[in-house]
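See below for the structure under consideration.
The values are calculated or read from the model by the stated rules, or taken from the named source; none is laboratory data. In this text, all values refer to a predicted model and were calculated from it rather than measured experimentally. So basically every Cβ, Gly included, is an ideal-geometry build from the backbone, and we count neighbours across all protein chains shown.
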Amino acid sequence: MPLEEARAKKFLIDFAAEPPVAPKSTGVFTYRNYPLAELVPYIDWTPFFMAWELAGKFPRILEDEVVGKQATQLYADAQKMLDRIVKEQWIQAHGVAGIWPANTIDHDDIALYGDPARTKVVGRVHSLRQQSKKAPGVPYIALADFIAPAGTPDFLGGFAVSAGHGVDERVKRFEAAHDDYSAILLKALADRLAEAFAEKLHEVVREELWGYETSPFTNEQLIKEEYQGIRPAPGYPACPDHTEKPELFRLLDATKHTGITLTEGLAMSPAAAVSGWYFAHPKSKYFGVGRGPGPGGKTWRDARARAWSGWSAG
């Protein structure tokens with residue numbers, strides 16, 4: 001579908017009928033040495049088993065006829081190590097979140113402002129629009145569609161979190177002792193804690209900083225993403241362009257606040273890190289810009305789990 005035609009058939013939101021919620025606070029908020037114990041209840045264990053090529057949803061996988069025994073032993077080992085990680089502070093978790101006044105401009109872009117009057121542009125986020133031909137009446141979506149145009153005050157958030165500081169040093173100790181199992185287990189747990197941090201920080205943003213949702217959710221509901229809003233990450237289906245990551249890091253001053261750096265290939269270091277955007281409107285949803293070499297339309301959580309088990313988006 002030609003881009004101009006796709007733009008003409010964009011995803012429409014009636015912002016007059018469903019106006020954006022103004023945040024309680026805007027700006028950048030830092031979270032240094034976040035308590036690991038507070039992240040543990042937010043762990044999604046299913047991708048942990050996928051990383052070990054054990055297929056099945058947690059906790060049912062523990063009773064699976066084929067892999068249940070191995071999954072149960074792995075889970076027991078993970079719990080023992082996780083307990084030590086928390087009690088002995090093997091790793092440190094650092095995070096940062098930001099909320100800025102924002103409006104859609106030039107069809108597919110989002111302008112971020114540094115003042116309430118929206119006179120000073122401090123950043124510009126580029127989104128990609130779906131162009132694979134669809135059935136009549138089906139919209140062609142870009143993330144920019146979830147942000148109101150000029151004239152309606154709207155906001156965009158961003159975040160970066162890591163639970164990987166301290167991992168490399170301890171992994172080297174395990175490897176020096178020829179304990180590759182523990183080294184791999186620690187990496188997998190650090191990744192789960194980073195994802196749990198992303199979940200927890202999103203809750204803090206929704207309930208405290210932005211304040212558009214205060215209903216408590218169980219971990220199962222969080223995993224099913226039953227809350228309002230989305231947090232797509234650069235590099236995954238809704239925003240597959242990794243070159244948007246440096247702008248996110250600049251706006252958040254993420255390296256200063258979290259210690260996360262970007263490699264030349266725009267991967268995050270430490271590896272146990274997550275970053276992305278916050279869209280708050282109730283009509284915002286996950287989607288895939290294109291099919292690509294892997295399954296389309298998945299969330300960053302699904303893609304990240306596949307990456308651990310050897311799947312590559314190319």
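Points to keep in mind about this one:
- Scanning the range 141-157 for residues that are among the aromatic types (Phe, Trp, Tyr) and touching a helix residue (DSSP H, G or I) at 6+ places or on another chain (Cβ under 9 Å) yields nothing.
- For Val28, the conditions (1) in a strand (DSSP E or B); (2) buried (at least 20 other Cβ atoms within 10 Å of the Cβ); (3) of a type in the set (Val, Ile, Thr) are fulfilled apart from (2).
- For the range 114-172, a tally of residues being aromatic (Phe, Trp, Tyr), touching a Phe, Trp or Tyr at 6+ places or on another chain (Cβ under 6 Å) and surrounded by fewer than 24 Cβ atoms within 10 Å (Cβ to Cβ) returns 0.
- Filter result for Phe155 (of a type in the set (A, V, I, L, M, F, W, C), touching a Ser or Thr at 6+ places or on another chain (Cβ under 8 Å) and under 30 Å from Leu112 (Cα atoms)): yes
- Among the residues of the range 83-100, those identified as aliphatic (A, V, I, L, M) and under 13 Å from Pro35 (Cα atoms) are Ile85, Val86, Ile91, Ala93.
- Screening the range 240-285 for residues that are assigned to a loop (DSSP other than H, G, I, E, B) and polar (S, T, N, Q) and picking the one that is farthest from Val125 (Cα to Cα) gives Thr263.
- Trp210 vs. criteria over 15 Å from the mean Cα position of the chain (by Cα), of a type in the set (Phe, Trp, Tyr) and at pLDDT 95 or above: yes
- Residue tally, condition out of contact with any helix residue (DSSP H, G or I) (no Cβ under 7 Å at 6 or more places or on another chain) and surrounded by 12 or more Cβ atoms within 10 Å (Cβ to Cβ), over the range 47-58: 1
- Of the strands (runs of 3 or more DSSP E) lying entirely inside the range 92-186, the ones with 1 or more residues being in contact (Cβ under 8 Å) with a residue 60 or more places away in the chain, more than 19 Å from Thr243 (Cβ to Cβ) and acidic (Asp, Glu) are found at 154-165.
- Residue pairs meeting the criteria (Cβ under 8 Å; at least 6 apart or on separate chains; first within 15 Å of Trp45 (Cα to Cα) and among the small types (Gly, Ala, Ser), in the range 55-67; second loosely packed, with under 11 Cβ neighbours inside 10 Å and at pLDDT 95 or above): none
- Yes/no for Val138 being at pLDDT 95 or above and in contact with a helix residue (DSSP H, G or I) (Cβ under 9 Å, 6 or more places away or on another chain): no
- Matching residues in the range 239-254 - criterion: being touching a residue at least 40 places away in the same chain (Cβ under 8 Å), buried (at least 17 other Cβ atoms within 10 Å of the Cβ) and within 19 Å of Gly98 (Cβ to Cβ): Cys239, Glu244, Leu248, Phe249, Leu251, Leu252, Ala254
- Condition check for Ala196: over 20 Å from Leu143 (Cβ atoms), of a type outside the set (S, T, N, Q), in contact with a strand residue (DSSP E or B) (Cβ under 6 Å, 6 or more places away or on another chain) and assigned to a helix (DSSP H, G or I): no
- Residue match in the range 75-94 (condition: in contact with a strand residue (DSSP E or B) (Cβ under 9 Å, 6 or more places away or on another chain), of a type in the set (Gly, Ala, Ser) and under 27 Å from Pro282 (Cβ atoms)): no
- For Met1, the test of being part of a helix (DSSP H, G or I), aliphatic (A, V, I, L, M) and either within 22 Å of the chain's Cα centre (by Cα) or closer than 24 Å to Ser284 by Cβ (or both) is failed.
- Of residues in the range 189-226 being among the charged types (D, E, K, R) and over 20 Å from Lys285 (Cα atoms), the one surrounded by the fewest Cβ atoms within 10 Å (Cβ to Cβ): Glu208
- Taken over the range 255-273, residues that are closer than 22 Å to Arg206 by Cβ, buried (at least 23 other Cβ atoms within 10 Å of the Cβ) and more than 13 Å from the chain's Cα centre (by Cα) amount to 1.
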